[in-house]
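Worksheet: the structure to be examined is printed underneath.
We did not get these values from a lab; they are worked out from the coordinates using the rules stated. Keep in mind the model is a prediction, meaning the values are calculated, not measured. Cβ coordinates were reconstructed from backbone atoms using ideal geometry, including for glycine residues, and neighbour counts include every protein chain displayed.
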Amino acid sequence: MHPDLSSLETAIGHQFRNRELLQRALTHSSHVHERSSAEPRQMVDNEQFEFLVDAILGFLISEALVDRLPGYSEGRLSKLKAHMVSAAHLYGVAEGLRLGQYLQLGRGEEVSGGRSKRTLLVDALEALIAALYLDAGIEPTRQFVKHHIAGDPAVAGMFSTDQPPSALTDFKSALQELARARRLPLPRYVILKESGPDHSKTFTMQVRVGKDWTAQAEGYSKKNAAQNAARLALEQLLGAESSR
């Protein structure tokens, strides 16, 4: 049985003409796998919607930032965009919309706390944006993104200097966006060293952006080491920009 979605439609400011699009956006693959044999019609999860939203969200966030912050440099806009499309930011938006209570989950995800899992909520929010686009087109989707994702007036203040703010945690995404803005090759990551016992390893990761930019850092996991290296490289590129 599907939850009542009217309150969600009120929260996002759109009543779906095709309610099945909204239901699909909120359907996790675990629910489909458990119910497919019992349902008379084929059920579809939200994974394809997540693929579609990559282009939509990136474009609308970029458009909103350029419109709102016309004096910002490409590098600074790239940092803002990376923050706004990051899982940390989108998770907060999904929680604000209380998406967890509307998710269609399999029993395993339900009992393991799936309604509050960051990955599931972010995926559902992205699928919701895609469903909104398919149901109503670009303009309602643009308004949703501007209001719910790019509308926080405090965000720009976090990026008022050329140094990455402490609130930015996804330095890999920020570095990738900045490389694109500078028309540089995308960052490449290489593990240089692993040390320590299996239960407490330390990883040394190097990141390279083209021929001129490289940085390396340690971390308690490969992901953490890559983020630390990305932050150092990001500081290098931003420092070069501010010294021009």
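Numbers for the structure displayed
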item	result
Relative contact order (%) - criterion: Cα under 8 Å, at least six apart; region: region 8-161	36 percent
Gain on full stretching of the segment that runs from Gln101 to Asp54 - 0.36 nm per residue minus C-alpha separation	14.5 nm
Two-site FRET efficiency, Ser195 against Glu47, from Cβ-Cβ distance with R₀ of 51 Å, rounded to 0.05	0.85
Net charge dipole size for region 170-244 [Lys, Arg +1 and Asp, Glu -1 on Cβ; Debye, nearest 20]	280 debye
Spherically averaged projected area of the chain from its Cα convex hull (nm²)	15.7 nm²
Cross-link reach list, lysines versus Lys223, counting only Cα pairs under 24 Å and skipping chain neighbours closer than eight places	Lys79, Lys81, Lys117, Lys172, Lys193, Lys201, Lys211
Cβ-placed point charges (K, R +1; D, E -1), dipole of the chain about Cα centre in debye, nearest 20	640 debye
Antiparallel bridges, percent of DSSP beta bridges restricted to the chain (to nearest 5)	95 percent
Relative contact order (percent, whole number), region 170-244, Cα cutoff 8 Å, 6+ residue spacing	27 percent
Rh by Kirkwood over Cα pairs, then Stokes-Einstein D for region 170-244 at 1.002 mPa s and 20 °C, µm²/s	171 µm²/s
Residue-averaged [θ]222 nm for the chain, counting only DSSP H segments that reach four residues, each worth -39500 (n - 2.57)	-16000 deg cm²/dmol
